[in-house]
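Asker: Got a structure for you, written out below as structure tokens; questions coming shortly.
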Amino acid sequence: MVKRIGLIGASCRAMAASLVRGGFSVVAADMFADFDLSQIGEVRVLRNYPWSGRRWLRECDVDAWCFTGGMENHPRLIERMAADKRLLGCSPRTLRLVRDPFWLAGLAKRHGFDFPKTCRIYDPAYDPMQPEPSDQWLIKPYRSAGGLNIEPVSTLPESAHRFYLQRKLPGVSMSAVVLSTKEGCQVVGVSQLHVGNKYDAPLPYLFAGAVSLCSPSTDMLEPIVRAIHDEAGMIGLWGIDFLMTERPTLLEVNPRWTATMPLHERMREEPLMPCHVQACLQKEVKLSSRFAHWSSGVRIVYALRPFEFTCQTLRDIQAAFSVNEESYLANPSVGDIPMPGTKIEVAHPVCTLYVDGKSEELVAEALRESQSKLEGIIYSEEMSSGDR
């Protein structure tokens, strides 16, 4: 029986809360080891993330383990860890397939859906010396998460094996959450992504948040999702990023828990990670197909300048956002709260904000208001400390 689960990833808090709501206990190895994660379960900072993860897992008293953001870029490490203790998630083989943009390009061609033109560095089909084509291409790392290190092409890198080129296309940035089981796959929800400087992210393609759609149409997504599910052998919860114009263009597969999944938990009023566990154990999964008639939003707030997160900052945030023991698990308004004493550098994430509303527009406005409130707390205390 699986009751105690180990979690590893850049940020495990939301996934941990979902599991604890479902009756599991958790042990987490986390890049940040935030305050609210420590209120949910046992947590350890991995100083040499992710390479010290295998030793951590061997020392843990857990029945199984899951991974989240960033770990999908290390299938060899995951393979070794899966040999030590039971993995609840996509296999290393699956990770190698869906994280390969050229495999995805071939999949799109076989199944007749859209995928951007993709080239290897120094491919003769792409000439970086012609400025007009250069403006229409992006350089992307093979190992990335959340839009990190994606940039317009200016010069080509020397380490060609770490990057590839992809055509830049118009469209609205979107994401979908999928649940794969032994019976098939199901689209859980769809969100519009907030990416880049427009939403105060420090990098042009960095994930800043999302707003879930109240009543999404999934008809055009289902053939894409089904093709990935069938050919890659997906299992449990996973997501895709895509551009939406008249039809969706697949951009990326995220074969693990994603940052938009808490939004669909809020809309459905049920935790998703227990469904993931059941699916990975090849058991029957009961997930309602309904979509809520409201929307939820998430916003990651990045630091405008360096500061120290103090005990007073924590108390002010707890008071302003009504943080209590219950809210760590169910429908928090703020999450990923740093430990007091944490020194936060400019452009690093501070906290994650959540709101709900009757429409996508109202949620987007509420996110802006919550961000202003949080920044007021952070920087007003900094100014007061300076005055003293």
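The values are calculated or read from the model by the stated rules, or taken from the named source; none is laboratory data. Remember, it's a predicted structure, so these values are computed and weren't measured experimentally. Here the Cβ positions follow ideal geometry from the backbone for every residue, glycine too, while neighbour counts run over all protein chains shown. The area values use the complete protein model at the heavy-atom level, side chains included, leaving out ligands, DNA and RNA. Shrake-Rupley method; radii C 1.70, N 1.55, O 1.52, S 1.80 Å.
Asker: Output the residues belonging to the stretch 39-63 that are outside any loop (DSSP other than H, G, I, E, B) and in contact with a strand residue (DSSP E or B) (Cβ under 9 Å, 6 or more places away or on another chain). Step through it out loud before you land on a result.
Answerer: Our first condition is that a residue be outside any loop (DSSP other than H, G, I, E, B); within the stretch 39-63, this holds for 42-45, 53-59.
Matches in the stretch 39-63: GLU42, VAL43, ARG44, VAL45, GLY53, TRP56, LEU57.
Asker: If you go through the stretch 5-20 one residue at a time, how many are of a type in the set (A, V, I, L, M, F, W, C), open to solvent by 10 Å² or more (accessible area, probe 1.4 Å) and under 21 Å from LEU77 (Cβ atoms)?
Answerer: Result for the stretch 5-20: 1.
Asker: Moving on. Which of (1) in contact with a strand residue (DSSP E or B) (Cβ under 7 Å, 6 or more places away or on another chain); (2) in a helix (DSSP H, G or I); (3) surrounded by 24 or more Cβ atoms within 10 Å (Cβ to Cβ) does CYS66 not meet, given it meets every other one?
Answerer: If we test CYS66 against (1) in contact with a strand residue (DSSP E or B) (Cβ under 7 Å, 6 or more places away or on another chain); (2) in a helix (DSSP H, G or I); (3) surrounded by 24 or more Cβ atoms within 10 Å (Cβ to Cβ), just (2) comes out false.
Asker: Sticking with this one: Just to be sure before I move on: is TYR205 among the aromatic types (Phe, Trp, Tyr) and either open to solvent by less than 20 Å² (accessible area, probe 1.4 Å) or without any contact (Cβ under 8 Å) to a residue 24 or more places away in the chain (or both) in the structure I sent?
Answerer: Here the answer is no, as TYR205 does not meet what is asked.
Asker: I've got another one for you. Could you list, ordered by first residue, the pairs with Cβ atoms under 7 Å in which the first is in the stretch 157-172 and in a loop (DSSP other than H, G, I, E, B) and the second is open to solvent by 30 Å² or more (accessible area, probe 1.4 Å), at least 6 apart or interchain?
Answerer: From the stretch 157-172, the pairs are PRO157/PHE163; LYS168/GLN136; PRO170/THR245; GLY171/MET244; GLY171/THR245.
Asker: Looking for whichever is open to solvent by 20 Å² or more (accessible area, probe 1.4 Å), touching a residue at least 40 places away in the same chain (Cβ under 8 Å) and either out of contact with any Gly (no Cβ under 8 Å at 6 or more places or on another chain) or closer than 14 Å to VAL172 by Cβ (or both) here; the options are GLU231, GLU222. Which one fits?
Answerer: The match here is GLU231.
Asker: Could you tell me which numbered condition TRP238 fails, if it satisfies all but one of (1) open to solvent by 10 Å² or more (accessible area, probe 1.4 Å); (2) modelled with pLDDT of 95 or more?
Answerer: TRP238 satisfies every listed condition except (1).
Asker: How many residues does the stretch 120-144 hold that are open to solvent by less than 30 Å² (accessible area, probe 1.4 Å), out of contact with any strand residue (DSSP E or B) (no Cβ under 7 Å at 6 or more places or on another chain) and either closer than 23 Å to GLY70 by Cβ or at pLDDT 85 or above (or both)?
Answerer: So in the stretch 120-144, the residues open to solvent by less than 30 Å² (accessible area, probe 1.4 Å) come out as 121, 126, 134, 137-141, 144.
Now drop any that are not out of contact with any strand residue (DSSP E or B) (no Cβ under 7 Å at 6 or more places or on another chain), which leaves 134, 144.
With either closer than 23 Å to GLY70 by Cβ or at pLDDT 85 or above (or both) added as a condition, the list becomes 144.
Total satisfying the criteria: 1.
Asker: Any residue in the stretch 271-292 that is open to solvent by 10 Å² or more (accessible area, probe 1.4 Å), under 21 Å from ALA208 (Cα atoms) and in contact with a Leu (Cβ under 9 Å, 6 or more places away or on another chain)?
Answerer: Scanning the stretch 271-292, I find no residue that is open to solvent by 10 Å² or more (accessible area, probe 1.4 Å), under 21 Å from ALA208 (Cα atoms) and in contact with a Leu (Cβ under 9 Å, 6 or more places away or on another chain), so the answer is no.
Asker: Looking only at the stretch 168-178, filter to residues that are within 20 Å of SER212 (Cα to Cα) and out of contact with any helix residue (DSSP H, G or I) (no Cβ under 6 Å at 6 or more places or on another chain); which one of those is surrounded by the fewest Cβ atoms within 10 Å (Cβ to Cβ)?
Answerer: Ranking the qualifying residues of the stretch 168-178, first place goes to VAL172.
Asker: From the list VAL20, VAL45, VAL2, which residue is under 21 Å from PRO271 (Cβ atoms) and either in contact with an Asp or Glu (Cβ under 9 Å, 6 or more places away or on another chain) or of a type in the set (Asp, Glu) (or both)?
Answerer: Values: VAL20 fails: either in contact with an Asp or Glu (Cβ under 9 Å, 6 or more places away or on another chain) or of a type in the set (Asp, Glu) (or both); VAL45 fails: under 21 Å from PRO271 (Cβ atoms).
After ruling out the rest, the residue left standing is VAL2.
Asker: Could you give every pair whose Cβ atoms fall below 7 Å, whose first residue belongs to the stretch 134-152 and is under 12 Å from CYS119 (Cβ atoms), and whose second residue is open to solvent by less than 80 Å² (accessible area, probe 1.4 Å) and hydroxyl-bearing (Ser, Thr, Tyr), counting only separations of at least 6 or pairs across chains?
Answerer: Correct list of pairs: TRP137/TYR126; LYS140/TYR164.
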